[in-house]
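Data block below; observations after.
The values are calculated or read from the model by the stated rules, or taken from the named source; none is laboratory data. Predicted model, so just to flag it, every value in this text is computed and none were measured. Reconstructed Cβ throughout: ideal geometry from the backbone, glycine too, with neighbour counts over all protein chains shown.
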Amino acid sequence: MSEAPVGVLDSGVGGLSVLGEIRRLLPNESLLYVADCGHIPYGEKTPEYIRQRCAIIADFLLGQGAKALVVACNTATVAAVADLRRDFPHWPIVGMEPAVKPAAAATRSGIVGVLATTGTLQSAKFAALLDRFATDVRVITQPCPGLVELIETGDLQSPALYQLLQQYIEPLLAAGCDTLILGCTHYPFLKPLLARMIPEHISLIDTGAAVARQTQRLLIERGLLAQGPAGETHFWTSADPTHLRKILPTLWHSSGVVRSFDL
């Protein structure tokens, strides 16, 4: 069972940022990645719809022999991870959450900005994080409609992307934020673009590396850590596989076999 793969799901290609962190930390693990690109963006969908999609994908990954599941999407975690843990009680499941705790610890100005989807920012889970970890700092939230869809094209330098991101960043900078939470797994791909838009003293925080470490902890606890040679990575998408094949070299820094997921 330890040589079985780890399943990873996301609404689209954003979870590749998390997949990369898992690959760096756990090079011996085989990884299965499902991008639900045909149903993006999750951030504008109802929680019921997201739960249904996640259940379908989780069943598929379990059928592929996955020994653990990583929900590499903040919006999907908010909507579905509790149901997934209830329905698959013996399956190690790792979810995402915006990095409110490390951001609150890192800020020097006492003002933290959050870039995230509407679904994440409106969730009870996010409100609970603020209540628990951000009582001594001011947190300014910025929903970012349209950003995920532009990142999904794979063109991370387009004028449209730059303009939209600037529109979302400017109010946070004007408010004095010195720490920015990238509260969607798509957003780490914007770090090079953000570096051109924000002062050097501003910190960017995401949770991909922390999710990889939590995945490692759970695998060790269950005796499931792979011991063999370097693992393989397999991809599925619910949209046209040609598109994911085209942008994998940009976002994953490698090509890969992409299959169609039409459930």
Q | Scan of the range 219-238 for residues that are surrounded by 19 or more Cβ atoms within 10 Å (Cβ to Cβ) and of a type outside the set (S, T, N, Q), ordered by number | A | Leu219, Ala226, Phe235, Trp236
Q) Are any of the residues in the range 194-201 under 28 Å from Glu44 (Cα atoms), surrounded by 15 or more Cβ atoms within 10 Å (Cβ to Cβ) and more than 20 Å from the chain's Cα centre (by Cα)? A) yes
Q: For the range 123-158, name all the residues that are acidic (Asp, Glu) and more than 25 Å from Pro102 (Cα to Cα).
A: Glu149, Glu152, Asp155
Q: Restricting attention to strands (runs of 3 or more DSSP E) lying wholly within the range 151-263, give those where 3 or more residues are out of contact with any His (no Cβ under 6 Å at 6 or more places or on another chain), modelled with pLDDT of 95 or more and of a type outside the set (Ser, Thr, Tyr).
A: 179-182, 233-237
(Q) I'm checking my understanding of the structure. Among residues of the range 96-119 that are small (Gly, Ala, Ser) and closer than 21 Å to Thr46 by Cα, which one is farthest from the chain's Cα centre (by Cα)? (A) Gly119
Q: From the list Ala134, Ala76, Ala160, Ala99, pick out the single residue that is surrounded by fewer than 21 Cβ atoms within 10 Å (Cβ to Cβ), of a type in the set (A, V, I, L, M, F, W, C) and within 23 Å of Ile205 (Cβ to Cβ).
A: Ala134
Q. For the subset of the range 110-131 comprising residues that are more than 13 Å from Leu180 (Cα to Cα) and among the small types (Gly, Ala, Ser), which member is surrounded by the most Cβ atoms within 10 Å (Cβ to Cβ)?
A. Gly119
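Residues checked against (1) surrounded by 24 or more Cβ atoms within 10 Å (Cβ to Cβ); (2) among the acidic types (Asp, Glu):
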position: Glu3; (1), (2): no, yes
position: Glu21; (1), (2): no, yes
position: Leu31; (1), (2): no, no
position: Tyr42; (1), (2): yes, no
position: Ile57; (1), (2): yes, no
Q. Just one of the numbered conditions (1) surrounded by fewer than 23 Cβ atoms within 10 Å (Cβ to Cβ); (2) touching a helix residue (DSSP H, G or I) at 6+ places or on another chain (Cβ under 9 Å); (3) farther than 25 Å from Leu121 by Cα is not true of Pro89; which one?
A. (2)
